[in-house]
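S.K.: The structure's right below; bear with me while I get my questions together.
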Amino acid sequence: MLDAKRFLTALKNMGVDGYVFAEKEGPTLSELKRTVLACERCALATTRKSVVFGEGNPKADIVFVGEAPGEEEDNQGRPFVGRAGKLLDQLIERIGVRRGDVFICNVLKCRPPGNRDPEPAEAAACKEYLLAQLDIVRPRVICTLGRHAYNTLLETDVPITRIRGKLTTFRGIPLLPTYHPSYLLRSQSRIKESWEDMDKLKTML
């Protein structure tokens, strides 16, 4: 369930002084998106072309969380639209659902120059946005893609090879870490393991 007090505190920290909850449906992603689109919390605001908020079903059972937008995502303002995005689409189809049935986002909402790894201060600046997205969508399961998403949410620092496929929880929500599609494009021998992870996700729905 949505923790309203925590959600409102997070919005206040983002510069949103008030929020009117709908009588039945509760908050939506639209107010949060408007705030994120105007974000200037870190230096990435000066180098980005687009803010990549995320997209998909606002009531999705599964939320996929990556690390940051790449060049194509920065150009289009959408998450996972390049080669890695096509592979993610295939992974999603393995579960038996379509891309539009899930919600896809990243820890960072802006592209780091040169597609470098997110810096700790950048992840910290964006983390409240990610937490608010998860509070609003309230998925049945979270699937983190790569080590940065996992480490940001769990506040740890472990290699993806150590935790991939090992089910844990985040704020009471089952969380399954798997490889980032970009990594799979470079290490295709690992794709079978990600297929297995998708099979595991399918059993959790």
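The values are calculated or read from the model by the stated rules, or taken from the named source; none is laboratory data. Note that this is a predicted model, so its numbers are computed, not measured. Virtual Cβ from ideal backbone geometry, glycine too; neighbours counted across all protein chains shown.
S.K.: Under 17 Å from the mean Cα position of the chain (by Cα), modelled with pLDDT of 95 or more, loosely packed, with under 15 Cβ neighbours inside 10 Å and assigned to a helix (DSSP H, G or I): does that describe K86?
M.R.: Yes.
S.K.: Moving to a separate point now. Could you give every pair whose Cβ atoms fall below 9 Å, whose first residue belongs to segment 21-46 and is within 18 Å of I104 (Cα to Cα), and whose second residue is among the β-branched types (V, I, T) and modelled with pLDDT of 95 or more, counting only separations of at least 6 or pairs across chains?
M.R.: Pairs found: T28/I136; L29/I136; L29/V137; L32/I136; K33/V51; V36/V51; L37/V51.
S.K.: What pairs can you find where one residue is in segment 127-142 and within 16 Å of D101 (Cβ to Cβ), the other is of a type in the set (V, I, T) and surrounded by fewer than 19 Cβ atoms within 10 Å (Cβ to Cβ), and their Cβ atoms are less than 8 Å apart, with a gap of 6+ or different chains?
M.R.: As it stands, the answer is P139/I173; R140/I173; V141/I173; I142/I173, since those pairs meet every condition given.
S.K.: Is there a residue being among the charged types (D, E, K, R) and within 17 Å of P177 (Cα to Cα) anywhere in segment 140-152? So that I can check it myself, show each step before the final result.
M.R.: So the first thing to find is which residues in segment 140-152 are among the charged types (D, E, K, R), and the list is 140, 147.
Filter once more, so that each one left must be within 17 Å of P177 (Cα to Cα): 140, 147.
Yes.
S.K.: Identify all residues within segment 27-55 that are under 14 Å from Q133 (Cβ atoms) and either outside any helix (DSSP H, G or I) or in contact with an Asp or Glu (Cβ under 8 Å, 6 or more places away or on another chain) (or both); write none if there are none.
M.R.: Within segment 27-55, P27, T28, C39, V51, V52, F53, G54, E55 qualify.
S.K.: So, one more: Given (1) surrounded by 18 or more Cβ atoms within 10 Å (Cβ to Cβ); (2) in a loop (DSSP other than H, G, I, E, B), identify the lone condition not met by V63.
M.R.: (2)
S.K.: Taking the condition touching a strand residue (DSSP E or B) at 6+ places or on another chain (Cβ under 6 Å) and closer than 26 Å to G172 by Cβ, does I142 pass?
M.R.: On the way: touching a strand residue (DSSP E or B) at 6+ places or on another chain (Cβ under 6 Å): yes; closer than 26 Å to G172 by Cβ: yes.
Yes; evaluated as a whole, the condition is true for this residue.
S.K.: Can you name every one of the helices (runs of 4 or more DSSP H) wholly within segment 95-205 that holds 3 or more residues which are under 28 Å from T28 (Cα atoms)?
M.R.: Details: elements: 120-137, 147-154, 160-163, 181-186, 191-203.
Here the list reads 120-137, 147-154, 191-203.
S.K.: When you go through G70, G54 one by one, which is the residue that is surrounded by 15 or more Cβ atoms within 10 Å (Cβ to Cβ) and under 18 Å from T35 (Cα atoms)?
M.R.: Working: G70 fails: under 18 Å from T35 (Cα atoms).
Unique residue meeting the criteria: G54.
S.K.: For segment 101-123, name all the residues that are of a type outside the set (S, T, N, Q), closer than 28 Å to L44 by Cα and surrounded by fewer than 17 Cβ atoms within 10 Å (Cβ to Cβ).
M.R.: Residues satisfying the conditions are P113, G114, R116, D117, E119, P120, A121.
S.K.: Next up: Scan (1) touching a Leu at 6+ places or on another chain (Cβ under 6 Å); (2) within 22 Å of S182 (Cβ to Cβ); (3) not in a helix (DSSP H, G or I) for the single condition P58 breaks and write down its number.
M.R.: Tallying (1) touching a Leu at 6+ places or on another chain (Cβ under 6 Å); (2) within 22 Å of S182 (Cβ to Cβ); (3) not in a helix (DSSP H, G or I), P58 fails exactly one: (2).
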